[in-house]
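Just so it is clear, none of the values below were taken in a lab; they were calculated from the coordinates. Just so you know, these numbers come straight off a predicted model, no measurement behind them. Note: ideal-geometry Cβ built from the backbone for every residue, glycine included; neighbour counts use all protein chains shown.
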Amino acid sequence: MTETRELEQLVKREYKYGFTTDIEQEIIPPGLDEDVVRMISAKKNEPEFMLEWRLEAFRQWQKMEEPDWAHVHYPKIDYQALSYYAAPKSQEELDADAPESLDEVDPKLLETYEKLGIPLHERAALAGVKGANVAVDAVFDSVSVTTTFKDKLAEAGVIFCSFSEAVENHPELVKKYLGTVVPQGDNYFAALNSAVFSDGSFVFVPKGVKCPMELSTYFRINARNTGQFERTLIVAEEGASVSYLEGCTAPQRDENQLHAAVVELVALDDAQIKYSTVQNWYPGDEEGKGGIYNFVTKRGECRGDRSKITWTQVEAGSAITWKYPSCILKGNDSVGEFYSVAVSNNYQQVDSGTKMIHLGERTRSTIVSKGISAGRSQNAYRGLVHIGKSARDARNFTQCDSLLIGDRCGAHTFPYIEAKNASAQLEHEATTSKVSDDQMFYLRSRGLSEEDAMNMVVSGFCKDVFNELPMEFAVEAQALLAVSLEGSVG
Amino acid sequence: MALLEIKNLHAEIDGKEILRGIDLTVNAGEVHAIMGPNGSGKSTLCHVLGGREGYEVTQGTITFDGQDLLEMETEERAVAGMLLGFQHPVEIPGVKNIYLLKEALNAKREAQGLDEVDTFSFMKQVRELVASMDMDDAFLHRGVNAGFSGGEKKRNEILQMLLLEPKLALLDETDSGLDIDALKVVSEGINRMRGEERGIILVTHYQRLLNYVEPDFVHVLYKGRIIKSGDKTLAHRLEAEGYQEILEEAS
């Protein structure tokens, strides 16, 4: 018993990114109706087709009911009490365009990102500090602050910019691909996002191009009582490849905030997209007060033959996480992968997993999910492997492991399998284990502190997933877990 | 000054007294064997010396290298130079053996105010030790004890000891589950550690290990007390006559 309590103390985390940036903001009044949708579209100087697209989404959303099937509990959200657009004033004055150079960016914003450890200075990044050779799009509340290395990427033919810029400068691409993986009416939160999304990142890698650097978007929620609805669209044309990482943090607040993002990935023939997430939204305090509701729709479509999409995620934050990064394996011989570490502590709730929809022949998918529960948290894996009639010789391997720290948390597994083609081969492995007193004693008797011992056991448990992260971020992810499990010992 | 001095040690677990007044002094340069039948308190003694939680010391003192051992956390005991070799080393999946070795060595170096070991000389040293234990390099890159055979786990314990060079090695049933070849390798490892500056305690059920590692002192533990001490001939007597005779004689 005493040991259990000690282990729990050990995983008490402190949230390092809970500060608020004191900056003048333009926030539209709370409430949502067609006028608000029009206002957001107008603020972005959007072409007519975007406005129509949003309005169509809004009309669908109005007819939908908020779903309640997940293994999570939260008070009903009052969607009329939220504000749907917040932007730093200084940014607002700069028109809808992102600023041309960092000199135009409010120093307070730069300071914020510096504090978060996100390199926005290309020169510094090139000079070899952390994050070198990573291009960053920084999104602050509803708008993109800046995108680094745009020129270098443009030389290679890669488009990497904020969503707003993409709508303005590459409307034909946006029109062609937006909503083709996650349609407006896909689900309640996707519909809401489609109506009111304010910014996000856009990536286009043309035929045959291997993106020369890692791309990354850093999302920061700052304003109070606002929702964050960003939209990311990544397209890799034939034979192209790209690796993309998103990170996210938010201030420490007593009330909950809604984050409902949509991510769409499109991979054409022989293209490869690797999408990694290090999610560290504010998780709420020890009593479960505050924190982000992270209700996100992420889906990739392997549209072309032999294409490949990999989702890798390290989920440490948010009061409630509800998301299933999925792959639609349409092209023959296409490959979908999902590697996930989800940590929950205190009163955090996680219902996460993936869907692998096999439609093409000889499609293959791999799911490796590692759930770590501590405190009084509830951590659920929910996964669907669907083998369609046309998916001859499809294969799936699923490995689903849970690690429990203490004895007041819960781990749950809900695997669903639908096989409509008898030639499919499916494997499912699942384990549940506890960080044992024996392991802790063994490592401590080798001179490791309790914290180091715990981190070692946990990172060993997560190794299969960390191995899949881009090199630069594997270290960061490991550090994030260490922070998450850091606490007051003794 | 004695390296380890245990005086009138009483300890219990879940309210049940297991150790009932142990006195033992180990000086640097000495090898002690503690023998006893099952349930005599051998493993409890090891756990208490290692600082495992759940064991309550109700009376007595333990001094290690001039420090009050009972005031120290498990990891403090380790970096101060005590190494506990486990009877059943636990598996830690996903953590490479080499990684644990390096972390353990660095923890000790940090406590000594030294810099972290440089990777090159560390690898060189570890490879030599691995070879000396008749192990394969691949072993370093497997998960700690994960899927190891009983013999491999014990070799791994000795490997850690050779690397960490403790002042006091406390080896709990290191000989159990070893075939004769492995027993020889493990014994050679222990013998290499013998030295003026180091104490070794072998906790064992059988006399077999003592054929290879000759103890300076042998103690018989029974019902939580050391009921008889002697030199290595005591171990031979135990082997020949069994515990019963000696127990009767002592009582």
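Just grab the label-to-label distance for residue A:51 and residue B:38, each label 7 Å out from Cα along the Cβ direction, in nm (one decimal). The modelled label-to-label distance comes out at 8.5 nm. Working from label points 7 Å from Cα in the Cα-to-Cβ sense, the residue B:197 to residue B:13 distance is 3.4 nm.
Using Cα centres only, tell me the gap between the stretch B:67-107 and the stretch B:184-238 in whole Å. Measuring centre to centre over Cα atoms gives 22 Å. What net charge is computed for the residues neighbouring residue A:80, neighbours being all others with C-beta under 15 Å from the C-beta of residue A:80, Lys and Arg scored +1, Asp and Glu -1? Net charge around residue A:80: -4. Annotation: amide H-H contacts under 5 Å for residue B:218 (H modelled 1.01 Å from N, sequence separation of 5 or more, or interchain): B:33, B:230, B:231. Zone of residue A:81 (label point 7 Å along Cα→Cβ, backbone N under 14 Å): which residues in the stretch A:46-75? Residues A:74-75 fall inside that zone.
If you run the Gaussian network model on chain B, springs between alpha carbon atoms under 10 Å, then out of B:203, B:95, B:220 the most flexible one is B:95. Computed 3J(HN,Hα) for the stretch A:38-49, one whole-Hz value per residue from the Karplus formula 6.51 cos²θ - 1.76 cosθ + 1.60 where θ = phi - 60°, is 4, 5, 4, 4, 5, 4, 8, 6, 7, x, 3, 4, glycine and proline marked x. Taking chain B as a Gaussian network of alpha-carbon nodes connected by springs under 10 Å, the highest mean-square fluctuation of the residues B:147, B:15, B:195 belongs to B:15. The string of couplings for the stretch A:72-84 from the Karplus curve (6.51, -1.76, 1.60, θ = phi - 60°) is 9, 10, 7, x, 4, 7, 8, 6, 7, 8, 8, 9, 9 Hz, one whole number per residue in order, with x for Gly and Pro. Relative contact order, whole percent, for chain B stands at 28, derived from Cα pairs under 8 Å and 6 or more residues apart. Between B:143, B:126, B:106, whose Cα lies farthest towards the positive end of the dipole of the stretch B:83-162 when Lys and Arg beta carbons carry +1 and Asp and Glu beta carbons carry -1, centred on the Cα centre? The residue sitting most towards the positive pole is B:143. Multiplying the residue separation of residue B:206 and residue B:137 by 0.36 nm and subtracting their alpha-carbon distance yields 21.7 nm.
The length gained on full extension between residue B:241 and residue B:88, counted as 0.36 nm times the residue separation minus their Cα-Cα distance, comes to 52.2 nm. In this structure the amide hydrogen of residue A:402, modeled in the peptide plane, comes within under 5 Å of the amide hydrogens of A:371, A:431, A:432, A:433, none closer than 5 places in sequence on its chain.
Beyond 24 Å in Cα-Cα separation lie the following of the pairs A:210/A:389; B:42/B:232; A:298/B:96; A:76/A:323: A:210/A:389; A:298/B:96.
Size of the dipole of the stretch B:1-138 about the Cα centre, Lys and Arg at +1 and Asp and Glu at -1 on the beta carbon, nothing else charged, in debye to 20? Can you show the working numbers first?
Values: 12 positive and 24 negative charges, 64 e Å.
Its charge dipole is roughly 300 debye.
Based on other C-beta atoms within 10 Å, arrange B:16, B:7 from fewest to most. Please list the in-between numbers first.
Values: B:16 6, B:7 14.
So the residues, fewest neighbours to most, are B:16, B:7.
Using the Cβ of residue A:231 as centre and a radius below 9 Å, the other residues enclosed give a net charge of -3, where K and R count +1 and D and E count -1.
The HN-Hα couplings worked out from phi for the stretch B:230-247 by the Karplus form 6.51 cos²θ - 1.76 cosθ + 1.60 (θ = phi - 60°) are x, 9, 4, 5, 4, 5, 5, 4, 4, 4, 6, 9, x, 6, 3, 4, 5, 4 Hz, whole numbers, x standing for Gly and Pro. Within the straight-line cut-off of under 21 Å between alpha carbons, the lysines reachable from residue B:102 are A:463, B:124, B:153, B:154, B:167, sequence neighbours fewer than 8 places apart in one chain being disregarded. With a ≥ b ≥ c the root eigenvalues of the C-alpha gyration tensor of chain B, is it rounded (a/c under 1.5), prolate (a/b larger than b/c) or oblate? Because a/c hits 1.5 or more and a/b exceeds b/c, chain B counts as prolate.
Applying 1/(1 + (r/R0)^6) with r as the Cβ-Cβ distance of residue A:429 and residue A:451 and R0 = 25 angstrom yields a FRET efficiency of 0.25. Each label point was placed 7 Å from the Cα along the Cα-to-Cβ direction; for residue B:233 and residue A:170 their separation is 9.1 nm. Centroid-to-centroid, using Cα positions, the stretch A:152-179 and the stretch A:54-87 are 28 Å apart.
If a spin label sat at a point 7 angstrom from the Cα of residue A:393 along the line to its beta carbon, the backbone N atoms of the stretch A:336-355 nearer than 19 Å would be those of A:336.
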